[in-house]
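Accompanying notes for the structure given below.
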Amino acid sequence: MASTRTVATTVLLVLSLASGGGAQAPSTLDALHARLDKAADSVLPRVVTWRRDLHARPELGNQEVRTSAFLAEQLRSLGYEVRTGVAKTGIVAILKGGKPGPVVALRADMDALPVTEETGLPFASKEHGQYNGREVGLMHACGHDFHMSMLLGAAEVLAGMKADLPGTVKLVFQPAEEGVPGEPGGAEVMVEEGALENPKVDAIFGLHVGITPLEAGSITFRPKGLMAAGDTFRIVVKGRQTHGAMPWAGIDPIVVASQIVLGLQTVVSRQIDLTTAPAVVTVGTIEGGSRHNIVPDQVRMSGTIRTFDAEMRKDILARVRRTAEHIASAAGATAELTLDDGYPVTWNDPALTERMTPSLKRVAAGTFSPNAQPTTTSEDFSFYGQKVPALYFFLGVAPKGADPATWAANHSPRFSPDEAALITGVRALASLAVDFLAGK
Ligand SMILES: [Zn+2]
Ligand SMILES: [Zn+2]
């Protein structure tokens, strides 16, 4: 206690001397970092508890009611100004530092997935819910429980340094990152409802656990496009229902849908110049029919398209539509294609990325790569990056020695991130905020 106060006083004094002189002197930052790391260590047991509590009670997108209430209560107790009900269940929390300066935002997502957990962990989720009209198990299978608990840990670290912070910290806890069929939500609505305004955010940071099978504590990212644009398509193939024993009396949408699935695979493999940028077209669902001896009226399909380049994205969307419609028409059927507004490319501002690279390097454990490969997953963090300079990075959560070939990744019912990464996440988020505000 006493030694912490001594460090705090020293930091305050040096910060005062340095203010107005632009970037902080290295010794000042060293002192701030030492204090930050100590605070992160002391909050860690609570971060683990929060993570397990949140993990045991997952909620689907736009339904994060208990989760949001819990976070809001914690943030208020830490002295944050808390605005709730943003984009339904989202939270914007503000901590004004003791000195004037810029505004830095840190973001976490709160939603879980319709996945029945198979980790066997003592705090595994036993929750159920409704998704697309079906009873499903619920699980934090994407690691958003990690994101929330690490940001709450960083919130506590930063609250302890409030008097010495030259600027304002804004925490953004958003719902529905995974998207909710037929409902608006997530980052796009947070932005519409002013999450980046009042006060105006100068830079925003976020992270995702996993995605790559790197060991716990690893940090990887890249400037420019880190994660793909993700577009969802739905196709309804309409034929004509008849007896399965007399298919010539109708038009079989199951056979047409099968041809469309195969035809769509040639868009990327045969029609796109893959030397310029990668792309993916995947059909993820296909539903139709009610009985073995009935040719049904229609088949419904849905899928995802991932691209890293705006022009290629437009081109692929047009080719997907053309392929589906023309294959259907060749059989006398129809295919109606609907495109949902997808997530843009997750874009790391090159100048901000370069500036903050030392901050992330300082806290990384295991692999550190500021020039990692892009990934074909997508993220609605991209909507913040369309408005303000943004930096998004990946935090490794694979247990040491895990086999990358068999490790259960995000969205698997066996996804079990290693809690050894929690401390790195807390330090990374708090350091990005402190270093950015300190003009580093
Ligand atoms: Zn996910
Ligand atoms: Zn996720």
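One line per residue, one yes/no per condition, for (1) in a strand (DSSP E or B); (2) under 26 Å from His144 (Cβ atoms); (3) within 16 Å of ligand 1 (Cβ to nearest atom); (4) modelled with pLDDT under 95:
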{"site": "Val201", "(1), (2), (3), (4)": "no, yes, no, no"}
{"site": "Gly217", "(1), (2), (3), (4)": "no, yes, no, no"}
{"site": "Gly230", "(1), (2), (3), (4)": "yes, yes, yes, yes"}
{"site": "Trp248", "(1), (2), (3), (4)": "no, no, no, no"}
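Counting only residues that are more than 16 Å from ligand 2 (Cβ to nearest atom) and in contact (Cβ under 8 Å) with a residue 12 or more places away in the chain, how many does the stretch 135-183 have?
The number of residues fulfilling the criteria is 24.
Answer yes or no as to whether Leu171 is among the aliphatic types (A, V, I, L, M) and outside any helix (DSSP H, G or I).
In short, yes.
Which condition number does Leu226 fail, the rest of (1) in a strand (DSSP E or B); (2) away from ligand 2 (no atom under 16 Å from the Cβ) being met?
Among (1) in a strand (DSSP E or B); (2) away from ligand 2 (no atom under 16 Å from the Cβ), Leu226 violates only (2).
Please count how many residues of the stretch 111-129 are among the β-branched types (Val, Ile, Thr) and either away from ligand 2 (no atom under 16 Å from the Cβ) or surrounded by fewer than 16 Cβ atoms within 10 Å (Cβ to Cβ) (or both).
2
Within the stretch 285-304, track down each residue that is at pLDDT 95 or above and either under 31 Å from the mean Cα position of the chain (by Cα) or polar (S, T, N, Q) (or both).
Thr285, Ile286, Glu287, Ser290, Asn293, Gln298, Arg300, Met301, Ser302, Gly303 - these are the residues of the stretch 285-304 that are at pLDDT 95 or above and either under 31 Å from the mean Cα position of the chain (by Cα) or polar (S, T, N, Q) (or both).
Only residues that are in a strand (DSSP E or B), surrounded by 14 or more Cβ atoms within 10 Å (Cβ to Cβ), in contact with a Lys or Arg (Cβ under 7 Å, 6 or more places away or on another chain) and not polar (S, T, N, Q): list them for the stretch 277-299, please.
Ala279, Val280, Gly288, listed by residue number.
Take Gly303 and tell me if it is touching a residue at least 24 places away in the same chain (Cβ under 8 Å) and touching a Phe, Trp or Tyr at 6+ places or on another chain (Cβ under 6 Å).
Taking the combined requirement at face value, the residue satisfies it.
Taking only the stretch 305-315 into account, find how many residues are outside any helix (DSSP H, G or I), modelled with pLDDT under 90 and among the charged types (D, E, K, R).
Within the stretch 305-315, residues that are outside any helix (DSSP H, G or I), modelled with pLDDT under 90 and among the charged types (D, E, K, R) number 1.
Does the stretch 99-130 hold any residues that are more than 16 Å from ligand 1 (Cβ to nearest atom), among the hydrophobic types (A, V, I, L, M, F, W, C) and closer than 16 Å to Arg52 by Cα, and which are they?
Selection gives Leu121, Phe123, Ala124.
Among (1) free of Cβ contacts under 8 Å to residues at least 40 places away in the same chain; (2) assigned to a helix (DSSP H, G or I); (3) within 26 Å of the chain's Cα centre (by Cα), there is one condition Val268 misses while meeting the rest; what is its number?
(1)
Hey, any hits in the stretch 233-240 for a residue that's assigned to a loop (DSSP other than H, G, I, E, B) and either within 16 Å of ligand 2 (Cβ to nearest atom) or farther than 22 Å from Gly143 by Cβ (or both)?
Checking the stretch 233-240: at least one residue is assigned to a loop (DSSP other than H, G, I, E, B) and either within 16 Å of ligand 2 (Cβ to nearest atom) or farther than 22 Å from Gly143 by Cβ (or both).
Return yes when Thr84 is in a helix (DSSP H, G or I), β-branched (Val, Ile, Thr), surrounded by fewer than 21 Cβ atoms within 10 Å (Cβ to Cβ) and at pLDDT 95 or above and no when it is not.
No: the conditions fail for Thr84.
The values are calculated or read from the model by the stated rules, or taken from the named source; none is laboratory data. What you see is a predicted model, and the numbers here were worked out from it, not measured in a lab. Backbone-built Cβ (ideal geometry, glycine too); neighbour counts: all protein chains shown.
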